[in-house]
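Written out below as structure tokens is the structure these notes cover.
The values are calculated or read from the model by the stated rules, or taken from the named source; none is laboratory data. Since the model is a prediction, treat every value here as computed from it, not as a measurement. Quick reminder, even Gly has a Cβ in these numbers, built from the backbone with ideal geometry, and neighbours come from all protein chains shown.
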Amino acid sequence: MAILSKKNPIDLLFSVITAIASFSVIIFIIGILFVLIKESSLSIGKFGIIKFLTSTDWDPVKESFGALTNIYGTLLTTFLSLIIAIPVAIGIAIFITEISPNFLKGPIGIAIELLAAIPSIIYGMWGLFTLSPVMSNHVEPFLKKITAGIPFVEILFRGTPMGIDILTASVILSIMIIPFTASISRDSFNLTPSVVKESAYAIGATKWEVIKNIVIPYSKLGVFGGIVLSLGRALGETMAIAFVLGNNHRITTSLLDAAATITVTLANEFAEADKDIYLSSLFYLALVLFVMSFITLAIAKFFLLKAERKYSR
Amino acid sequence: MTREQLRKTEGVIAMSLSTLAALIGLFWLVFILGDVLVHGIKALNLSLFINDPAPAGVEGGGLRNAFIGQLMITIFATLIGVPVGVLGGTFLAEYARGRKIARIISVLSDIMVSVPSIVIGTFIYAILVRQIGHFSGWAGAIALSIIMIPVVLRTTEDMLTLVPWTLREAAFALGAPYYKVIIQIVYRGAATGILTGILLSIARVAGETAPLLFTSFNNSFFSTNMNGPISSLTVTIFQYAMGPYDDWHAQAWAASLMITIFILFLTLLGRFIIKWRYKG
């Protein structure tokens, strides 16, 4: 079929309208990039690129801005949440594909995917009023106690357990990204040809050996794509952690300290930025976030497409 | 321990850990939903739906303005986002089927689906709110529609691709032009799937807060004027949860409960339609 039909005028009109509608996606992406660069040009001009990305200053009074504390917070919470989420998510995928009785597969899959449907503001509410007290009263003192005296690990849990800190935020983020990794891993696991699995069973492999040596190696591209996708989601999550992170512009070594991520800084400060350079720096932060998450998501998509091509062969 | 016993033990441990992981996942779901339910039900009352907020610190009042505002923003976002998304998906699956451009737009849409929504908020702030000079309901609705378009576009594309090509050929053979084939044959065949995609995309944007913070902002008074700042449930939850009053917290929980029920209902409905139509 020709991309634009020329035979019938109405058909031509319809094809042009649909083409415009689908190009809107490209227009949005280019538009966002262009507008963010334009709005942050004042800040880019004043602080440059390298200096902005490596400066820990965030001082609206002295009008000195740098992104490092925000980037640090974003990367640290994302990294921690991945560490917590990946084993659970892969365990869930293994349970659904290999262990669960058939009648439970659907319901458990849906239940896990419902975790992704809960709006992030609800995670935020729950995190602030329910999880945070639990963390500060039980989990964090416990972690402090068992790590006390262990060199290096001890540093991670220094300070008063307040519940408003990096650890709590990472736990909430980890719950939010479990469904993405879990459902993509499940789908990839399911694509392992049963002939290969049955051959392994036939030579006496246990179920775990089949999973470890056959299923996971076979589906690693898809699983990896799912993990990178979760990473992209975690980078941009805002409302779930806006309440429990504290918005503290300092580089901290303790997980029990408040911190700031790019998203939380934007949510808290954007509407009240009163000076041009302040607002421009916030747009600059948004630009950094957009580029970071776009690249991450593109990498995820690359691996998922590669996996798709491999399995469809 | 013999080698066999070792292998078996390892297997049992790994399987138990996987089962534990599934239980952890379910535990979080039950914990969060149960918590919202318990706190929310306690705070539900009629006043919440029929009254506007009382002055800060005064007991009572409701969130009528936020319910109406949320409804309006979501409806207008749907009215903008759905036609663009459906038409865009039509182009990818029909006129540009198999072409490189269709593939590129498809991949970019998948990326757009996961782009941080707060970035879209800042984008709309720069091109609309700043230019007009004040926050407005329209800005919020447009921000949400930008999030919605790639979702609807991708599901429409997938659903149209599922319609057998021979069905189109049968219509072509009768001399129908392509647009008639699409509207009268292809859309009809894929209607349930497209509708499901729309339901899921509404569920996706109805709980968004970040893109509304600097677009529709908030309004403590009842307003249906889309040209001015308008209240929404999600932004109200954000404001009330951060606030110092217990009454505010209770109302935020009630609002959370309502929004969670609405979204989970849409999500489950969408899933069941897919199951009923395409697998059963």
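Residues that are assigned to a helix (DSSP H, G or I), among the small types (G, A, S) and touching a helix residue (DSSP H, G or I) at 6+ places or on another chain (Cβ under 6 Å): does the range A:244-261 have at least one? Checked against the condition, which is being assigned to a helix (DSSP H, G or I), among the small types (G, A, S) and touching a helix residue (DSSP H, G or I) at 6+ places or on another chain (Cβ under 6 Å), the range A:244-261 yields no hits at all. Of the residues making up the range A:28-43, those that are within 21 Å of B:I120 (Cβ to Cβ) and surrounded by fewer than 19 Cβ atoms within 10 Å (Cβ to Cβ) are A:I29, A:I30, A:G31, A:L33, A:F34, A:I37, A:K38, A:S41. Among the candidates B:P150, B:P211, B:P229, the residue that is buried (at least 22 other Cβ atoms within 10 Å of the Cβ), within 14 Å of chain A (Cβ to nearest Cβ), of a type outside the set (A, V, I, L, M, F, W, C) and assigned to a loop (DSSP other than H, G, I, E, B) is uniquely B:P229. If you take the residues of the range B:169-208 that are free of Cβ contacts under 8 Å to residues at least 12 places away in the same chain, under 29 Å from B:A141 (Cα atoms) and among the aliphatic types (A, V, I, L, M), which of them is nearest to the other protein chains (Cβ to nearest Cβ)? Out of the qualifying residues, it is B:I183. Annotation note: Cβ proximity below 7 Å between a residue of the range A:267-281 that is facing chain B (nearest Cβ under 10 Å) and a residue that is surrounded by fewer than 20 Cβ atoms within 10 Å (Cβ to Cβ) (sequence gap 6+ or interchain) occurs for A:N268/A:N247; A:L279/A:A273. The set of residues in the range A:44-73 being of a type in the set (A, V, I, L, M, F, W, C) and either surrounded by fewer than 16 Cβ atoms within 10 Å (Cβ to Cβ) or in a helix (DSSP H, G or I) (or both) consists of A:I44, A:F47, A:I49, A:I50, A:F52, A:L53, A:V61, A:L68, A:I71. If only residues of the range B:232-258 that are among the aromatic types (F, W, Y) and assigned to a helix (DSSP H, G or I) are counted, the one that is nearest to B:M72 (Cα to Cα) is B:F238.
Just a yes or no: is a residue in the range B:107-117 modelled with pLDDT of 95 or more and more than 9 Å from every other protein chain (Cβ to nearest Cβ)? Within the range B:107-117 (the criterion being modelled with pLDDT of 95 or more and more than 9 Å from every other protein chain (Cβ to nearest Cβ)), the answer is no, since none of the residues qualifies. Answer with yes or no whether A:F95 is closer than 30 Å to A:G159 by Cβ, without any contact (Cβ under 8 Å) to a residue 24 or more places away in the chain and among the aromatic types (F, W, Y). Criteria not met by A:F95. Screening A:G204 on (1) more than 30 Å from A:S254 (Cβ to Cβ); (2) in a helix (DSSP H, G or I) shows it passes everything except condition (2).
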